[in-house]
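A quick write-up on the structure given underneath.
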Amino acid sequence: MVGTVTDASGGIIAGATVELTELSSNQTRRTTTNDVGQYVVSSVQPGTYRMTVSMSGFRQAVLSNLSFDVAKSYTVNVTLEVGAITETVTVEATRGTELQTLDATVGAVLAGEPLLRLPRSAGAR
């Protein structure tokens, strides 16, 4: 997962704290934005996450219900609003059509009935 943290005018925010918490295990990974406001969280396991972005002088941004699938890369850009860090702006993530722009990996998650209907090789029983 990669992204850029900016302010409302589009200016970059260097040194912002980005926390990614896996909701089922409550494990949190932290990173900070670099000199051009970008962050990278590598090797994110499939699951549902909450992302919190904070920086002194700005309201904290919380993106909840971020879903990550196997073998996909995601870009999550965040805009922070000026205000006290004790104020929080919560954004609910929704599933939509996602364009894979980071690499050429193609994949899909199958479960239930569609998975059972996949053809099997002649040797599998």
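FYI, it's all coordinate maths here, none of it is from the lab. What you see is a predicted model, and the numbers here were worked out from it, not measured in a lab. No Cβ is skipped: glycine too gets one built from the backbone with ideal geometry, and neighbour counts run over all protein chains shown.
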How many residues does region 64-74 contain that are crowded, with 19+ Cβ neighbours inside 10 Å and farther than 16 Å from Val40 by Cα?
-> 0
Going by the conditions given, is Leu63 among the aliphatic types (A, V, I, L, M), touching a strand residue (DSSP E or B) at 6+ places or on another chain (Cβ under 8 Å) and over 17 Å from Thr75 (Cα atoms)?
-> no
Tally, over region 50-76, of residues that are touching a Lys or Arg at 6+ places or on another chain (Cβ under 9 Å) and closer than 15 Å to Val2 by Cα | 3
Of all the residues that make up region 7-22, how many are farther than 10 Å from Leu80 by Cα and charged (D, E, K, R)?
-> 2
